[in-house]
Amino acid sequence: MIDLHTHTNKSDGTDSPRELVNKAISMGMKVLGITDHDTTSSWQEAVESVRGDISLALGSEISCLTDEGTSVHMLGLLFDGNNPEMQIMLEETRDGRLPRMRKMIEKMRAAGMDISMSDVEAARPAGATLGRPHLADALVNKGIIKSRDEAFQGMLNNDSAFYVSHAAPTPIEAVRMIRSAGGVAVIAHPLASLRGHILDSSNFQELADAGLHGIEVDHRDQNPEERAMLRVIAQELNLVITGASDYHGNGKLNSLGEFHTAPDQWEKLESLALERRVVRA
Ligand code: AMP
Ligand code: ZN
Ligand code: FE
Ligand code: FE
């Protein structure tokens, strides 16, 4: 089984990198992608945990905004984690998440909710990329809501009055950065309509022209019709087709390995990276 998109507690997942690698090993996973939001801080512990037959495809899920303000997530895999420009880009996005969180909290306080930055900091694991799921956890801890899922159905979703975006590269900038750091770029859940505005077909052409390598087709937030559309787009643009769980530990319903990538598609994707950066024991 090949699952190329997962999160740890270095962003908004709940398993440590070691716990995640251990779970994947006990499932007999062949290739595990670790893609925390806007960070590579999970890589070191993951590498230290690797044993047996598993291969790690280390990466990051880069938060992007189009010029029209559409939120896009770009998976970068197998890039050089020491690339300085890449690290600066990731750091700038992480930095932007703090004022963004303050603004969301201000809006909630203005609406009479008893929530503060220190509540959110208390819900965020040390060093984790700050995100709405940590705000959701703080609201749960305060008894204001019952779960992350409830938060994202309502007050924390992209169309909510409390939503604020943060500074981020455009998807094309992210693709170029991933490529210049020697990695491969796969657009994550591009038709996940629950997240608000989505891309149209001209956007895929532009991304392919910029050097996009693949499209995440099989993902729980895309229904069968959306997956069929994406498969056609991927075939027309000669892009790799991936599937993945987007596992977040207990932070989301997604279970590890619930969707996966076909071995031939993985082989093609890996061959497109500048170096063979897969990590094995
Ligand atoms: P942010 O990066 O702060 O904009 O928050 C977006 C993150 O929230 C994404 O990584 C999603 O995985 C996560 N998310 C979206 N919907 C849900 C949900 N229903 N339950 C838990 N987490 C979610
Ligand atoms: Zn997430
Ligand atoms: Fe995502
Ligand atoms: Fe994700």
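Can you tell which of Ala174, Ala168, Ala185 is in a helix (DSSP H, G or I) and within 16 Å of ligand 4 (Cβ to nearest atom)?
On the way: Ala168 fails: in a helix (DSSP H, G or I); Ala185 fails: in a helix (DSSP H, G or I).
The unique qualifying residue is Ala174.
Which of the residues spanning region 237-280 are away from ligand 4 (no atom under 16 Å from the Cβ), crowded, with 19+ Cβ neighbours inside 10 Å and assigned to a loop (DSSP other than H, G, I, E, B)?
Once the filter is applied, which keeps residues that are away from ligand 4 (no atom under 16 Å from the Cβ), crowded, with 19+ Cβ neighbours inside 10 Å and assigned to a loop (DSSP other than H, G, I, E, B), region 237-280 yields Leu239, Ala273, Arg277.
Among the candidates Ala122, Ala136, Ala151, which residue alone is loosely packed, with under 15 Cβ neighbours inside 10 Å and either more than 17 Å from Ser60 (Cα to Cα) or within 14 Å of ligand 1 (Cβ to nearest atom) (or both)? Don't jump to the end; show me each part of the working.
Details: Ala136 fails: loosely packed, with under 15 Cβ neighbours inside 10 Å; Ala151 fails: loosely packed, with under 15 Cβ neighbours inside 10 Å.
The conditions single out Ala122.
For a quick check of your reading of the model, give me the residue pairs whose first member lies in region 169-189 and is in the same structural domain as Arg231 (by the TED database) and within 12 Å of Leu207 (Cα to Cα), whose second is in a strand (DSSP E or B) and away from ligand 3 (no atom under 16 Å from the Cβ), with beta-carbon atoms closer than 9 Å and at least 6 apart or on different chains.
Val186/Val240
So that you can scan it fast, the table gives a plain yes or no per residue for (1) within 16 Å of ligand 3 (Cβ to nearest atom); (2) more than 17 Å from Val186 (Cα to Cα); (3) not assigned by the TED database to the domain that holds His213; (4) not acidic (Asp, Glu):
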position: Leu230; (1), (2), (3), (4): yes, no, no, yes
position: Gly251; (1), (2), (3), (4): yes, yes, no, yes
position: Phe259; (1), (2), (3), (4): yes, no, no, yes
position: Gln265; (1), (2), (3), (4): no, no, no, yes
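Take His134 and tell me if it is touching a residue at least 24 places away in the same chain (Cβ under 8 Å) and not assigned by the TED database to the domain that holds Glu206. Walk me through it before giving the result.
Details: touching a residue at least 24 places away in the same chain (Cβ under 8 Å): yes; not assigned by the TED database to the domain that holds Glu206: yes.
Spelling it out, His134 is indeed touching a residue at least 24 places away in the same chain (Cβ under 8 Å) and not assigned by the TED database to the domain that holds Glu206.
Please go through (1) touching a helix residue (DSSP H, G or I) at 6+ places or on another chain (Cβ under 9 Å); (2) under 21 Å from Asp246 (Cα atoms) for Ala188 and return the number of the only condition it doesn't satisfy.
The one condition Ala188 does not meet is (1).
Please count how many residues of region 99-141 are part of a helix (DSSP H, G or I) and within 16 Å of ligand 3 (Cβ to nearest atom).
4
Quick check on this structure: which one of Met104, Met108, Met89 is among the hydrophobic types (A, V, I, L, M, F, W, C) and under 18 Å from the mean Cα position of the chain (by Cα)? Quick ask: steps written out before the conclusion?
Values: Met104 fails: under 18 Å from the mean Cα position of the chain (by Cα); Met108 fails: under 18 Å from the mean Cα position of the chain (by Cα).
Of the residues listed, the single one that is among the hydrophobic types (A, V, I, L, M, F, W, C) and under 18 Å from the mean Cα position of the chain (by Cα) is Met89.
When you go through (1) within 16 Å of ligand 2 (Cβ to nearest atom); (2) surrounded by 14 or more Cβ atoms within 10 Å (Cβ to Cβ) one by one for Gly127, which number turns out not to apply?
(2)
Exactly one of these conditions fails for Phe79: (1) over 27 Å from Glu216 (Cα atoms); (2) part of a loop (DSSP other than H, G, I, E, B); (3) touching a helix residue (DSSP H, G or I) at 6+ places or on another chain (Cβ under 6 Å). Give me its number.
Among (1) over 27 Å from Glu216 (Cα atoms); (2) part of a loop (DSSP other than H, G, I, E, B); (3) touching a helix residue (DSSP H, G or I) at 6+ places or on another chain (Cβ under 6 Å), the lone unmet condition for Phe79 is (1).
Suppose we keep only residues that are at pLDDT 95 or above and touching a strand residue (DSSP E or B) at 6+ places or on another chain (Cβ under 8 Å) within region 129-163. Which one would you say is nearest to Arg100 (Cα to Cα)?
For region 129-163, the residue satisfying everything is Gly131.
Matching residues to (1) more than 17 Å from Glu270 (Cβ to Cβ); (2) surrounded by fewer than 18 Cβ atoms within 10 Å (Cβ to Cβ); (3) in contact (Cβ under 8 Å) with a residue 12 or more places away in the chain; (4) outside the structural domain of Tyr247 (by the TED database):
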site	(1), (2), (3), (4)
Val31	no, no, yes, no
His37	yes, no, yes, no
Glu48	yes, yes, yes, no
Ala57	no, no, yes, no
Gly76	no, no, yes, no
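Residues Arg227, Arg231, Arg220: which one is at pLDDT 95 or above, of a type in the set (D, E, K, R), outside any loop (DSSP other than H, G, I, E, B) and buried (at least 16 other Cβ atoms within 10 Å of the Cβ)? Break it down into steps so the answer makes sense when it comes.
Details: Arg231 fails: buried (at least 16 other Cβ atoms within 10 Å of the Cβ); Arg220 fails: outside any loop (DSSP other than H, G, I, E, B).
Just a single option satisfies the conditions, and that option is Arg227.
Under the condition of being in contact with a Lys or Arg (Cβ under 6 Å, 6 or more places away or on another chain) and either over 24 Å from Ser180 (Cα atoms) or assigned to a loop (DSSP other than H, G, I, E, B) (or both), which residue from region 40-76 is farthest from ligand 4 (Cβ to nearest atom)?
Ser49
Look through region 10-29, keep the residues that are part of a loop (DSSP other than H, G, I, E, B) and within 16 Å of ligand 2 (Cβ to nearest atom), and return whichever of them is surrounded by the most Cβ atoms within 10 Å (Cβ to Cβ). Write out each step before concluding.
First, pick out the residues of region 10-29 that are part of a loop (DSSP other than H, G, I, E, B): 10-16, 27-29.
Keeping just the survivors that are within 16 Å of ligand 2 (Cβ to nearest atom) gives 10-16.
Values: Lys10: 26, Ser11: 27, Asp12: 25, Gly13: 29, Thr14: 19, Asp15: 21, Ser16: 18.
Among those residues, the one meeting the criterion is Gly13.
The values are calculated or read from the model by the stated rules, or taken from the named source; none is laboratory data. None of these values were measured; they are calculated from a predicted model. When we count neighbours, we look across all protein chains shown, and the Cβ atoms used for this are built from the backbone with ideal geometry, even at glycine.
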